[in-house]
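This report refers to the structure that appears directly beneath it.
The values are calculated or read from the model by the stated rules, or taken from the named source; none is laboratory data. Bear in mind the structure is a predicted one, so any value in this text is a computation, not a measurement. With ideal geometry, Cβ positions are generated from the backbone for all residues, glycine too; neighbour counts draw on all protein chains shown. The area values use the complete protein model at the heavy-atom level, side chains included, leaving out ligands, DNA and RNA. Shrake-Rupley method; radii C 1.70, N 1.55, O 1.52, S 1.80 Å.
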Amino acid sequence: MSVPPLQDCPSDEALLAAYARGDRAAALALSRRVLPRVLAQAQRMLGDAAEAEDVAQEAMLRLWRIAPDWEADRARVTTWLYRVVANLCTDRLRRSRRGLALDAVPEPEDGSPGAAAVMQDDARRAALRAALADLPERQARAVALRHLEGLPNPEVARIMDESLRTVESLVARGKKGLIARLRGRRAELGYDDDA
């Protein structure tokens with residue numbers, strides 16, 4: 001089966017509408033497109049693969065349930081999913097009354113770079129996770145959505161149910177906080193050659 005060119009791929013919203021009309025292939029295509037990002041967000045927030053899978057499954061089930069009533073002009077599918085995942089994760093964390101330190105989450109193994117590069121990358125990620133965990137929750141969430149997920153500020157604002165100005169402020173303050181927390185660790189993290 002050949003993959004159609006990107007411009008020929010239906011939007012997430014079109015795939016959801018097709019699923020609502022009974023097209024199971026559309027559901028599979030949409031799942032393949034959004035599930036990895038949903039799972040990554042849940043894993044990042046919860047720090048537990050099994051719980052993240054449960055949250056991702058629940059979020060997708062909710063998406064399939066609302067498919068017949070979906071109003072494409074109100075929100076993007078990914079925006080809606082990010083918000084649902086964030087809410088489900090927050091609920092789980094509140095229920096369990098625990099906050100897992102982000103540096104306790106094991107890094108996925110990647111055999112392509114050498115051992116030294118992997119160790120350096122791990123140290124950088126651990127430092128970033130620790131610095132993110134040290135930020136106020138809203139700042140950390142805004143920075144993660146904007147810079148780790150690569151979402152534009154307007155979409156982050158919709159996910160967090162905040163104004164665009166608030167998100168811009170949260171991201172700016174969060175980045176400032178990260179810089180302050182990581183400033184003394186440049187050489188340790190292998191950035192001593194950078195200008």
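Numbers for the structure displayed
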quantity: Given (1) assigned to a helix (DSSP H, G or I); (2) more than 21 Å from the chain's Cα centre (by Cα), number of the condition A52 does not satisfy; calculated: (2)
quantity: Qualifying residues in the stretch 66-80 (those that are assigned to a loop (DSSP other than H, G, I, E, B) and under 22 Å from the mean Cα position of the chain (by Cα)) - the one surrounded by the fewest Cβ atoms within 10 Å (Cβ to Cβ); calculated: R74
quantity: Within the stretch 140-188, tally of residues that are assigned to a loop (DSSP other than H, G, I, E, B), surrounded by fewer than 16 Cβ atoms within 10 Å (Cβ to Cβ) and of a type outside the set (S, T, N, Q); calculated: 6
quantity: Residue check for L63: over 24 Å from S11 (Cα atoms), at pLDDT 85 or above, among the aliphatic types (A, V, I, L, M) and out of contact with any Gly (no Cβ under 9 Å at 6 or more places or on another chain); calculated: no
quantity: Those residues of the stretch 21-39 which are of a type in the set (A, V, I, L, M, F, W, C) and either open to solvent by 50 Å² or more (accessible area, probe 1.4 Å) or at pLDDT below 90 (or both), in sequence order; calculated: A25, L28, L35, L39
quantity: Restricting the stretch 98-130 to residues that are among the charged types (D, E, K, R) and modelled with pLDDT under 60, the residue that is surrounded by the fewest Cβ atoms within 10 Å (Cβ to Cβ); calculated: E109
quantity: Hits in the stretch 40-65 - residues which are under 22 Å from A133 (Cβ atoms) and open to solvent by less than 20 Å² (accessible area, probe 1.4 Å); calculated: Q41, A42, L46, G47, A52, V55, A56
quantity: Failed criterion for D134 (all others in (1) at pLDDT 85 or above; (2) open to solvent by less than 60 Å² (accessible area, probe 1.4 Å) hold); calculated: (2)
